Amino acid sequence: MNINWSKITFIVVDCLLAVYLILAITAFNHPDVASDVCTEVNIHIDEGEVKGFLNAAEVKLLLQKARLYPLGDNISDVNVRKIEETLAQNPFIESVQSYKTQTGHVHINISQRLPVMRVKAANGDDYYVDSEGNIMPTTRFVSNLVVATGDIKPKYAQRVLTGIGRYLIDNPLWGNQIEQINVLADGSVEMVPRVGNHIIYLGYPNHLQQKLSRLEKFYKYGLSKAGWNKYSYINMEFSNQIICKKAKQIQPI
């Protein structure tokens, strides 16, 4: 009897290929080896444009105080929804997402609130306002933000100063040039620049873009030639004019 070795070889190869495909599909559907306990916690914080308000160590401490830090716990007992709800109560956190993997890892992704201004009001209030107008408590971390002083009520800070803060952050020229905002009793605003010994009076801070655009041109074509310290007060309140008060000249003794 003649044996058809080529046919037998073809059948064997087909069988081996079928077995390989079954094993490959099974491995694809179960890519991770299940772990009974949480062996790693990954905390990622999106810091945004302003850094230093929250870090991974503080998030870990918050979860430990709430008895929710999952490291070493049974992975089936880890409640990622509870982790999210607990962290979302923190005033510095805008949103949080958490999930666990079959390998025993827990991932926590956090977006921070973006503070746009620090308020140190004449009545003793000290807090931050974020880009959405929310009030945030002060923290030991120092951030390079414009400081608002003067007669400031929380509603004014939320309604008015939030918009000014967002504008300054979005416009690097003024974000770098303005270091302080002073609110007067009638709600009008003065700005203190980093360069030049003058005060900028905006009046009520509406039409901010137009006023600061005119001031930029005045800086470029006026003060750059006359000198940055020639004027002590620059009034930008009116749309059709800039009123300047000359600085007093110190007479030599």
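Tabulated data for the structure shown
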quantity: Restricting segment 222-253 to residues that are open to solvent by less than 50 Å² (accessible area, probe 1.4 Å), out of contact with any helix residue (DSSP H, G or I) (no Cβ under 6 Å at 6 or more places or on another chain) and of a type outside the set (Gly, Ala, Ser), the residue that is modelled with the lowest pLDDT; calculated: Leu223
quantity: Selected residue (criterion: surrounded by the fewest Cβ atoms within 10 Å (Cβ to Cβ)) from residues of segment 148-164 that are assigned to a helix (DSSP H, G or I) and aliphatic (A, V, I, L, M); calculated: Val160
quantity: Restricting segment 57-96 to residues that are outside any helix (DSSP H, G or I) and free of Cβ contacts under 8 Å to residues at least 12 places away in the same chain, the residue that is surrounded by the fewest Cβ atoms within 10 Å (Cβ to Cβ); calculated: Arg67
quantity: Qualifying strands (runs of 3 or more DSSP E) (wholly inside segment 165-245; at least 2 residues being within 24 Å of Val116 (Cα to Cα)); calculated: 178-183, 189-193, 199-203
quantity: Residue within segment 177-186 that is aliphatic (A, V, I, L, M) and touching a Pro at 6+ places or on another chain (Cβ under 7 Å) present; calculated: yes
quantity: Considering residues of segment 97-125 that are of a type in the set (A, V, I, L, M, F, W, C) and buried (at least 21 other Cβ atoms within 10 Å of the Cβ) only, the residue nearest to Val78 (Cα to Cα); calculated: Val106
quantity: Segment 202-221, subset over 26 Å from the mean Cα position of the chain (by Cα) and polar (S, T, N, Q), residue least open to solvent (accessible area, probe 1.4 Å); calculated: Ser213
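The values are calculated or read from the model by the stated rules, or taken from the named source; none is laboratory data. Bear in mind that the values here come from a model prediction, so they are computed numbers and not experimental data. Methodologically, a virtual Cβ is constructed for each residue, glycine included, from the backbone with ideal geometry; neighbour enumeration extends over all protein chains shown. Accessible surface is based on the protein model in full, side chains and every heavy atom, while ligands, DNA and RNA are left aside. Shrake-Rupley method; radii C 1.70, N 1.55, O 1.52, S 1.80 Å.
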